[in-house]
Amino acid sequence: MNPSYLPALAALVGSAIGGLTSFATTWLTQRGQAKMQQRIQDRVKRETLFAKFIEEASMLYADAFTHESTDPAKLSQLYAMVSRMRLFSSQGIVDHAERVSHMIIETYLAPNKTFRDIIHLKESGALDPLKEFSEACREELRRFSAQ
């Protein structure tokens, strides 16, 4: 081998290694950014669904105090949200959501409540059926962010 080829070969190998390193760094950076963006989108999707569920359940629970029966179609949105939670939430979240839904149905089936009944429920701590659900959601979102 001619000694004059050695510096040219070394320069070529150095350029190839530099190019591969640059490519690998760019690829890893973009991959990390894509994963982070996906996790942010997933968290926003969960937050939005949890918030909608809380709003819908709150309205139905309040409605159940003054109505002894309801149109089952009113509950369809709530059940659709529970089913969507089954797609990507933990089993604990789904269990809490199902308990809230069951409590709403039981409240519809119970006699209407007076304002005095509502005050008694508040004092006993039974007026907030969404408390455990909300706390479970906060914990899941915290764990999801920490990953």
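Tabulated results
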quantity: Residue within segment 11-33 that is closer than 26 Å to K131 by Cα and among the basic types (K, R) present; calculated: no
quantity: Residue under evaluation M103, criteria (1) at pLDDT 90 or above; (2) within 24 Å of V44 (Cα to Cα), criterion not met; calculated: (2)
quantity: Filter result for the condition that a residue is under 18 Å from the mean Cα position of the chain (by Cα), more than 14 Å from L127 (Cα to Cα) and among the small types (G, A, S), over A57, A73, A97; calculated: A97
quantity: Failed item, numbered, when F50 is tested on (1) outside any helix (DSSP H, G or I); (2) in contact with a helix residue (DSSP H, G or I) (Cβ under 9 Å, 6 or more places away or on another chain); calculated: (1)
quantity: Residue check for E98: of a type outside the set (A, V, I, L, M, F, W, C), surrounded by 11 or more Cβ atoms within 10 Å (Cβ to Cβ) and more than 24 Å from D117 (Cα to Cα); calculated: yes
quantity: Flag for E135 being surrounded by 11 or more Cβ atoms within 10 Å (Cβ to Cβ) and either among the aromatic types (F, W, Y) or within 28 Å of M36 (Cα to Cα) (or both); calculated: yes
quantity: Unmet criterion (only one of (1) surrounded by fewer than 17 Cβ atoms within 10 Å (Cβ to Cβ); (2) touching a Ser or Thr at 6+ places or on another chain (Cβ under 6 Å)) for A64; calculated: (1)
quantity: Residue in segment 2-13 that is of a type in the set (S, T, N, Q) and either surrounded by 10 or more Cβ atoms within 10 Å (Cβ to Cβ) or touching a residue at least 40 places away in the same chain (Cβ under 8 Å) (or both) present; calculated: no
quantity: D63 being of a type in the set (D, E), modelled with pLDDT under 95 and in a helix (DSSP H, G or I); calculated: yes
quantity: Failed criterion for D128 (all others in (1) out of contact with any Ser or Thr (no Cβ under 6 Å at 6 or more places or on another chain); (2) in a helix (DSSP H, G or I); (3) without any contact (Cβ under 8 Å) to a residue 60 or more places away in the chain hold); calculated: (2)
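The values are calculated or read from the model by the stated rules, or taken from the named source; none is laboratory data. Since the structure is predicted, the reported quantities are computational estimates derived from the model, not experimental observations. In this analysis, Cβ positions are derived from the backbone assuming ideal geometry, glycine residues included, and neighbour counts consider all displayed protein chains.
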